[in-house]
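Worksheet: one structure, shown below.
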Amino acid sequence: MIASTRIFMEGRRVNHNQADFVPGERLGPDEIQLQSGLFTSLEMNDLSAALPVMFLVLNRHRQIVFSNRRFVELVGSRDSAVLLGQRPGEAMGCVHALSSPEGCGSTESCWLCGAAKSILMTQKERAAIEACVITCEGRRVFELQVWTSPVWRDGELFTLFSAVDISAESRRLSLERTFFHDISNTVAAISGAAELLVDGSQETPNSGGIETIFNASEWLLDEIRSHKKLMEAENGELEVSKTAISSLETLKQCLQLYARNKSTHSCSLILSPDSSDCRVVTDPVLLRRILINMVKNAIEATSEGGEVVARCRPHGADIIFSVTNPGFIPRHVQLGIFQRTFSTKGAGRGVGTYSMKLFAERYLGGTILFTTSPEEGTTFTLSLPSA
């Protein structure tokens, strides 16, 4: 893989060596038709139509030579014939497949794709099972469990590819695990402070116990609202209500949420002195959700005593918010930053950066990107139209 990379933005190609990726050669339409004919018997069609899963047959170039009705319905096509010759990611509208002239399998991000891993394993004549997350145009996300196995026909090796959509179950588990993880420490802080007040160890309001309970309760409510908004967004039920707000005041509110609850971090939160205020017309609730996640992620990536720097400033017709921490994101982690369920924090996490991208780009008309380097740390940037 590439030794070091300064900038990564989802959906954009970076310089690479062709050896880094799976082969890009394809067969032409005539050869695809001949191969398709090997799998169009009446029995094959009837059996695949009865399957409750998506089913494909792929040639050695990972091109579709047969697809069942479930897969055709999934990709929104009316005729399986139009899918012949495409690769799975191309047929499904994967943003990475569509971002490259070579198509599915030709970008660095494809190395994280469970479907690609499973197919390549089967081309070595070994069955495989992998989980796969595919982000499509419009930010639609498919989470699949993929099974592949080899089969020979007329001296050619093909891949039997079947998949089950586990999006709903995976989404539910991820939200539950993240929610319970995020609120557990806050509830413990409330309980501990309340216990001190009850047993008389802290007798006066100015001793700090009441303030701790208040700040932790505010934090808990914010976590609940955050998960509620994400669930509404993924279900297509989120209503956007835009109004004119102060960019600087909004950023200060998000920093103060953490500053008041020191139990959540051990680093310094700094509002950059070069920040400037401007009027921005947006949904203030969603904007705070994005900024709070940016600050939270920066804090989690910062060691004790480190600094997290936030700023906002106008840039042409846009307003730019940014949050910087001193840490560097390794390349293999960069590639999965905005994928749902991808996380370095353990199973069932990984919705923070995903939700930032979802809120900003689908609902607010903005852009989320990041830069990272060992020398300058990591900066997440949100760009929004000012009006």
Qualifying residues in segment 73-95 (those that are more than 20 Å from Thr159 (Cβ to Cβ) and in contact with a strand residue (DSSP E or B) (Cβ under 8 Å, 6 or more places away or on another chain)) - the one surrounded by the fewest Cβ atoms within 10 Å (Cβ to Cβ): Gly93
Output for segment 109-122, where each listed residue is surrounded by fewer than 19 Cβ atoms within 10 Å (Cβ to Cβ) and closer than 11 Å to Ser149 by Cβ: Met121
Elements of type helices (runs of 4 or more DSSP H) in segment 283-387, at least 1 residues being modelled with pLDDT of 90 or more and surrounded by 17 or more Cβ atoms within 10 Å (Cβ to Cβ): 284-300
Residue within segment 90-106 that is outside any helix (DSSP H, G or I), more than 26 Å from Val141 (Cβ to Cβ), of a type in the set (Ser, Thr, Tyr) and in the same structural domain as Pro150 (by TED's automatic domain parsing) present: no
Number of the condition not met by Ala193 [criteria: (1) over 30 Å from Val280 (Cα atoms); (2) out of contact with any strand residue (DSSP E or B) (no Cβ under 9 Å at 6 or more places or on another chain); (3) at pLDDT 85 or above]: (3)
Tally of residues being assigned to a helix (DSSP H, G or I) and at pLDDT below 85 across segment 21-45: 3
Residues within segment 220-259 that are aliphatic (A, V, I, L, M), at pLDDT 80 or above and assigned to a helix (DSSP H, G or I), tallied: 3
Some residue of segment 116-129 being part of a strand (DSSP E or B), over 20 Å from Glu31 (Cα atoms) and in the same structural domain as Gly28 (by TED's automatic domain parsing): yes
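The values are calculated or read from the model by the stated rules, or taken from the named source; none is laboratory data. Because the structure is predicted, anything quoted here is derived from the model rather than measured. Using ideal geometry, Cβ is built from the backbone for each residue, glycine included, and neighbour counts are taken over all protein chains shown.
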